[in-house]
Amino acid sequence: MKKFLLATFFLAASAAPLAAQQQILPLYTGTIPNSKPNKSVTETAEKRPDGGEFVRQVVQPKLLVYPAPADKANGTAVVVCPGGGYGILSMVNEGYQVAEKLNAMGITVFVLKYRLPDDRTQPDRSIAPLLDVQQAIRMVREQAAKFNINPNRIGVAGFSAGGHLASTAGTHFAKPVGNKPGPTSVRPDFLILAYPVITFADSLTHGGSRDNLVGKNASAEQIKLYSNELQVSAQTPPTFLVHSEDDEVVPVQNSLLFYQACLHHKVPVEMHLYPKGGHGYGFYNRTTKDDWAERLRNWLDMNGWLTK
């Protein structure tokens, strides 16, 4: 885990100032689904010497809203899932800084502070993060007019384990989890996956993410269910992937597997691989002069998501 933390939460000193957050929205009103009371568990936030922020033990999931500047807003929205191995949330480089970059493209951003798997507060820890990201998509879609966004232009971005959650949202939408999901679609319109955990297969997965979500003694059925390369279908949203070949935390084969599955099912997909960069750099891979945010901008533009 120590190696994972050191690799995952690298912050670039050249990062832009953080976007202006305007609102904090609770994901649920009333009782939170798949929850049980435990007064000993409370959310904590740790400020890091490098400027990062690690959030743990989320009990009340929330959306942090970052509206696009009025002169740039194009009606597209992205729900952002920070990474952290399903054990913590890296809120700066995989949350706030992501909002900054996407706001500059005219995109309204909703950084999701989702529940991390925890048997103390959840009857079924394996579905808690998915419940939250599906509710986030549902909520943004239902309130699209309020945020001046197009309900058919809502993407999900995820980094590392957040990429696993985003890819789960993009492959498990046909049967939403929860007792009363309602009629609103929880299918993202596109996916942005940065150095994502995709597979739970022994040889390629990030063990901490898998163990935190489904446990060390997960059944073969659960391993298959959350190996998202096996869940891709023709209805999986168009996908953008970025990864580094020297990633020692989440092997690059995770992105390759998802890319190949998208090709097989004729899902539009674009992938960018960098020789170096390691893991956890957010939008700031300082080993290259190439800015993958510009590759992303081109892809979004090509698909019409930056058109006003």
Among Lys180, Lys62, Lys224, residue whose mean-square fluctuation peaks in a GNM of the chain (springs only between Cα atoms under 10 Å): Lys180
As a test, work out the antiparallel percent of DSSP beta bridges whose residues both lie in the chain, rounded to the nearest 5. 40 percent
What ³J(HN,Hα) values, in whole Hz, does the Karplus curve 6.51 cos²θ - 1.76 cosθ + 1.60 give for segment 228-245 when θ = phi - 60°, with x put for Gly and Pro? 6, 5, 8, 9, 5, 9, 5, 8, 4, x, x, 10, 10, 10, 9, 7, 10, 5
Please compare each pair in Lys62/Lys276; Lys101/Lys308; Lys47/Lys180; Lys39/Lys113 to a cut-off of 29 Å on the Cα-Cα distance and tell me which ones are over it. Lys62/Lys276; Lys47/Lys180
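What part of the accessible area of the chain, given as a whole %, is carbon or sulfur when the probe is 1.4 angstrom? Write down the numbers at each step before the final one.
Values: 6680 of 12830 Å².
Here carbon and sulfur together make up 52 percent of the probe-accessible area.
Mind ranking 91-97, 155-161, 292-298 by how tightly packed they are, going by the mean number of other C-beta atoms within 10 angstrom, highest first?
Numbers: 91-97: 24.9, 155-161: 30.7, 292-298: 16.3.
Ranked by mean Cβ neighbours within 10 Å, highest first: 155-161, 91-97, 292-298.
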From the phi of every residue in segment 129-138, what ³J(HN,Hα) in whole Hz does the Karplus formula 6.51 cos²θ - 1.76 cosθ + 1.60 yield, where θ is phi - 60° and glycine or proline is x? x, 5, 3, 6, 6, 5, 5, 4, 4, 4
Could you check what % of the DSSP bridge pairs in segment 46-122 are antiparallel, to the nearest 5? 70 percent
Please list the non-local residues whose amide H lies under 5 Å from the amide H of Tyr274, H modeled 1.01 Å from N, same-chain partners needing a gap of 5 or more. His243, Ser244, Glu245
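What percent do you get for the relative contact order of segment 35-145 when only Cα pairs under 8 Å and 6+ apart count?
On the way: 193 pairs, mean separation 33.2, N = 111.
Computed over segment 35-145, the figure is 30 percent.
By how many nm would the segment from Arg48 to Gln22 grow when fully extended, if each residue of separation counts as 0.36 nm and the alpha-carbon distance is taken off? Present the calculation step by step, with values, prior to reporting the outcome.
On the way: separation 26, 0.36 × 26 = 9.36 nm, distance 2.36 nm.
So the chain would gain 7.0 nm between Arg48 and Gln22.
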Phi angles of segment 265-271, converted by Karplus (6.51 cos²θ - 1.76 cosθ + 1.60, θ = phi - 60°) into ³J(HN,Hα) in whole Hz with x for Gly and Pro, give 9, 6, 8, x, 8, 10, 10
Centre separation in Å (Cα based) which lies between segment 178-232 and segment 261-308: 21 Å
How do the peptides 236-243, 78-85, 258-265, 168-175 rank, highest first, by the average count of neighbouring beta carbon atoms within 10 Å per residue? 78-85, 236-243, 168-175, 258-265
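The values are calculated or read from the model by the stated rules, or taken from the named source; none is laboratory data. Quick caveat: nothing in here was measured; it's all calculated off a predicted structure. Note that each Cβ is placed from the backbone with ideal geometry, even for glycine, and that neighbours are counted across all protein chains shown. Accessible surface areas use protein heavy atoms only, side chains included; no ligands, DNA or RNA. Shrake-Rupley method; radii C 1.70, N 1.55, O 1.52, S 1.80 Å.
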